[in-house]
Amino acid sequence: MALNSLFEPIDVGSIRVKNRIVMPPITTNYAYTSGEVSDLLVRHYVERARGGVGMIIVEACSIHKYGRAFHCQLGVFNDGFKPGLARLASAIKSYNVAVLLQLFHAGRQTTSAISGAQPIAPSPIPCRIIRETPREMTLEDIEDIENSFANAAYRAKTCGFDGVEVHGAHGYLVSEFLSPYTNRRSDGYGGGVEGRARFALEIVERIREKCGSSFTVGFRINCSDFVDGGLTIDESIKIAKMLDDVGVDVIHVSAGIYESREYIVQPMYFPRGLLIPLAERIKKEVSVPVIAVGRVNDPKLADEVISCRRVDMVAMGRALIADPELPRKAFEGRLDDVRKCIACIDGCVGRLAYGFQVGCSINPLKGLEGFINLEKAVRPKRILVVGAGPAGLEAARILSLRGHEVMVVDRGSDIGGALKLALKFGFKSELGELINWYRAQLRSLNVKVLTGVEADENYVLSIKPDAVVLALGSKPITINIPGSQFMYVVDDVLAGRVDVKGDVIVIGGGLIGCELAIHLAGRGLKVTVVEAQDDVARDTPIQNKMALLKLLREANVRIVLKAKPLEFRDGCLVVEVDGVKENLKANSIILSVGRGKVDQLWWRLKGKVDELHIIGDALKPGKIIDAVMDGFRIGITI
């Protein structure tokens, strides 16, 4: 399938960009704590440049020593950063890729522990997530920060960057001035949209004065803050037109602030291309190219958006983390070979909240670029992989790439393991694309895959493999509730082995329990979630949790926290909450209280097979990221 529109060149200011795919700025925490460029950071961008992307906007780079939001964030606030930044720009441009540097100040969305000083903002309104009151900026502060942006842009220019992007989105400092939610000033930098836009416009003008008319200047803007009283699309259009008038070369349309961070990086519960209609509205009102972003993980969708001229370029951030070769594969028509982001958030930006570096649930080499290479096995072996879930599939893929002869067997009717059950949730349908990707990979590697095979001890021994990898998965944990007659586990419900109806109680408010509650409520059932802790969805990144809580509210799912199930009596589940008993009507009770490993075959084979390994949930139940990394680990070590 030819994706002609996606690979048309485009002029962005004075830059000729070879195609319409943009790698947007995603903070990685790969820089040194000093803010200087690290080898890992260079490798991260080089992998994406080598993969064929048209333009890279290097992640948020602090323009002021007190402007950071992350401990390992890039800096550009003095000349000491120039050698590393010049090396980074040169490495990216070696692959004929245009490169911009995003200029950033955190404003109120940081802490003094990270930035080194009390946060500053247009108004002293604390972020509900950060909870540290910022200092209101004086006119002298505004002058200083505007100059800092201009000086940082000039440093970027001298380092070889083709341009810069001013970060005016996501609730950081420039965005805070633009939004009535965070800007309550009564001077010339507040009030109506013209006053609130003044800071941003003056920054652009100062960059132009410092860097000249031929230096490309972009601006990232929110199409909406998605909070009550925040920036809306109508005001964003007015601001975009003002930016166009003062000479911005490209407008990059995003959304959300920390209080609505599920819109900054959208989880799988949101549809693909959620923000494209809003970016399209801005494009109709400006003369410069517009970049759309947000859950675009499919080259076909990107091409369609461009071919219909809805926007001019498409940013594919997490998609390029999952598969840095996506552009080249799409250009060559190898669409089945593209490993599409599943929008789980576990591996990438979800890790930033805990201070970790960005990784990827389905790309185990993310964050290890240049440190691990797939070397051919010195002595190829015949290897049997039992279990075709994500751990077994990844192990088989890597083992085969290294030259081993691999056979995969699974008791199910198809590959995928627990992923197949997750497909029952409509919002997780894209996991089917991951299963299909593994199917295509193993087929191209000539890996023998047998389904419907019960691999017991006798079967494994009859194969006489040199090594056995057990990826047997996990099973739901059960608990005993006296008197309950209609109690099931989540797997039985998703597999269709039981039919629940009427009033349903889900015991366990973790990620799976919440997803199951939303799924069942969507079928018209009345659902209550009973959770022992004081909160639900504690085992998932905050972006997922915020989206799930919204979906739970919309589905009218009742949540009972700090509840201990006692017994089932007279059609009700009796629970105790803070010492008080409560009867919850229930026709069906579903347990979602965790999973236990399936490792019986390991014990039976121990000592009878020369080389025996156990991986994934069978070793320790976890998430997709854990299973894939475990499969990769065993794949490179046998």
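Under Stokes-Einstein, with the Kirkwood radius over Cα pairs standing in for Rh, what whole-number D in µm²/s applies to segment 475-539 at 20 °C and 1.002 mPa s?
Reported coefficient: 172 µm²/s.
Mind listing the phi-derived Karplus ³J(HN,Hα) values for segment 254-268, rounded to whole Hz, using 6.51, -1.76 and 1.60 with θ = phi - 60°, and x for any glycine or proline?
Once rounded to whole Hz, the list reads 10, 6, x, 10, 4, 6, 9, 5, 5, 8, 5, 10, 7, x, 5.
³J(HN,Hα) across segment 177-184 via Karplus (A = 6.51, B = -1.76, C = 1.60, θ = phi - 60°), whole Hz, x for Gly/Pro?
5, 6, 9, x, 5, 10, 10, 10
Could you give the dipole magnitude of the chain about its Cα centre, charging the beta-carbon of Lys and Arg +1 and that of Asp and Glu -1, in debye to the nearest 20? Don't skip to the end; give the middle numbers.
Values: 81 positive and 76 negative charges, 257 e Å.
For the chain, the charge dipole is close to 1240 debye.
What does the charge count around Leu573 come to, taking other residues whose C-beta lies under 10 Å from its C-beta (Lys +1, Arg +1, Asp -1, Glu -1)?
Net of charged neighbours comes to -1.
What percent of all Cα-Cα pairs in segment 243-393 falls into each 5 Å bin, going from 0 up to the bin containing the maximum distance?
Spelled out per bin, shortest first, that is 2, 8, 14, 17, 18, 15, 11, 7, 4, 3, 2, 1, 0, 0.
Once Lys and Arg get +1 and Asp and Glu get -1 on their Cβ, which of Gly607, Gly524, Leu551 lies farthest toward the positive end of the dipole of segment 519-607?
So the residue furthest toward the plus end is Gly607.
Provide the solvent-accessible area of Lys581, counting protein heavy atoms only and rolling a 1.4 Å probe, rounded to the nearest 10 Å².
150 Å²
If I stretch the segment between Asp414 and Lys241 completely, what's the gain in nm (0.36 nm per residue apart, minus their alpha carbon distance), one decimal?
Taking Asp414 through Lys241 to full extension adds about 57.0 nm, to one decimal.
What do you reckon, how do Ser14, Ser254 stack up by accessible area (1.4 Å probe), largest on top?
Ranking Ser14, Ser254 by accessible area, largest first, yields Ser14, Ser254.
For Lys381, give me every one of the lysines with a C-alpha distance below 16 angstrom, ignoring sequence neighbours fewer than eight places off in its own chain.
Cross-link targets: Lys448, Lys464.
Give me the accessible area of His404, 1.4 Å probe, in Å² rounded to the nearest 10.
Using a 1.4 Å probe on the heavy atoms, I get roughly 10 Å².
Length gain on complete extension for the stretch Asp11 to Ala113, per 0.36 nm per residue less the alpha carbon to alpha carbon distance?
Answer, rounded to one decimal: 32.6 nm.
Can you give me the solvent accessible area of Glu433 with a 1.4 Å probe, rounded to the nearest 10 Å²?
60 Å²
Testing the spin-label approximation: label points 7 Å from Cα along Cα→Cβ at Arg379 and Glu433. State their distance in nm.
4.3 nm
Based on the alpha-carbon gyration tensor of segment 53-111, what equivalent-ellipsoid semi-axes (square roots of 5 times the eigenvalues) come out, in whole Å, largest first?
Values for segment 53-111, descending: 23, 13, 8 Å.
Select from segment 332-413 those chymotrypsin sites (Phe, Trp or Tyr not before Pro) which occupy a DSSP coil region and have at most 13 other Cβ atoms within 10 Å, ordered by residue number.
Here the chymotrypsin sites (Phe, Trp or Tyr not before Pro) that fit, given the DSSP loop and packing criteria, are Phe356, Phe371.
Please sort 294-306, 372-384, 316-328 by packing, taking for each peptide the average over its residues of neighbouring beta carbons within 10 angstrom, highest first.
On the way: 294-306: 22.2, 372-384: 13.2, 316-328: 25.2.
Put in order of decreasing packing, that is 316-328, 294-306, 372-384.
Just to confirm the number: angle between the C-alpha axis of helix 624-637 and the first principal axis of the chain, 0 to 90 degrees, nearest 10?
80 degrees
Place a +1 charge on the Cβ of each Lys and Arg in segment 329-378 and a -1 charge on the Cβ of each Asp and Glu, then give the dipole magnitude about the Cα centre in debye, rounded to the nearest 20.
That gives segment 329-378 a dipole magnitude of about 60 debye.
Take every Cα-Cα pair in segment 271-347 and report what % of them are more than 18 Å apart. List each step's numbers first, then the result.
On the way: 1169 of 2926 pairs.
Pairs farther apart than 18 Å: 40 percent.
Under the rule of at least 5 residues apart or a separate chain, name every residue whose amide H is placed under 5 Å from the amide H of Val506.
Thr528, Val529, Val530, Ile590
Which value results for Rg/Rh of segment 39-187 when Rg is the Cα radius of gyration and Rh the Kirkwood radius based on the inverse mean 1/r?
1.01
For segment 498-638, what's the relative contact order in percent, using C-alpha pairs closer than 8 Å and at least 6 residues apart?
Details: 216 pairs, mean separation 31.8, N = 141.
Worked out over segment 498-638, it gives 23 percent.
Can you give the % of DSSP beta bridges in the chain that are antiparallel, to the nearest 5? If you can, show how the numbers build up before the last one.
On the way: 18 of 83 bridges.
Close to 20 percent.
Looking only at segment 510-638, where both bridge partners belong to it, what percent of the DSSP beta bridges are antiparallel (to the nearest 5)?
On the way: 12 of 15 bridges.
Here the share of antiparallel DSSP bridges comes out near 80 percent.
Students often forget the sequence filter, so: which aspartates and glutamates lie under 14 Å Cα-Cα from Lys93 once same-chain residues fewer than 8 apart are removed?
Glu47, Asp162
So for segment 440-543, averaging the separation of alpha carbon pairs under 8 Å that are six or more residues apart and normalising by length, what relative contact order in percent results?
19 percent
So what is the 222 nm mean residue ellipticity for the chain from helices alone, if each DSSP H run of at least 4 adds -39500 (n - 2.57) and you divide by all residues, rounding to the nearest 500 deg cm²/dmol?
Calculated from helices alone, the mean residue ellipticity at 222 nm is -9500 deg cm²/dmol.
Run the reach check for Lys545 against lysines, Cα to Cα strictly under 26 Å, same-chain hits fewer than 8 apart removed. What comes back?
Lys340, Lys366, Lys420, Lys424, Lys428, Lys475, Lys526, Lys562, Lys564, Lys597, Lys620, Lys623
Taking 20 °C and 1.002 mPa s as the conditions, I'd like the Stokes-Einstein D for segment 165-289 in µm²/s, using the Kirkwood hydrodynamic radius from alpha carbon pairs.
147 µm²/s
From Cα pairs below 8 angstrom and at least 6 apart in sequence, can you work out the relative contact order of the chain, rounded to a whole percent? Please report the intermediate quantities before stating the final value.
Working: 1461 pairs, mean separation 71.8, N = 638.
So the answer I get is 11 percent.
Give the dimensionless ratio obtained when the Cα radius of gyration of segment 109-221 is divided by 2.2 N^0.38 Å.
Working: Rg = 14.4 Å, N = 113, 2.2 N^0.38 = 13.3 Å.
Here the answer is 1.08, to two decimals.
The values are calculated or read from the model by the stated rules, or taken from the named source; none is laboratory data. Small disclaimer: the values here were computed from a predicted structure and weren't measured. Note that each Cβ is placed from the backbone with ideal geometry, even for glycine, and that neighbours are counted across all protein chains shown. SASA here: full protein model, heavy atoms, side chains in, ligands and nucleic acids out. Shrake-Rupley method; radii C 1.70, N 1.55, O 1.52, S 1.80 Å.
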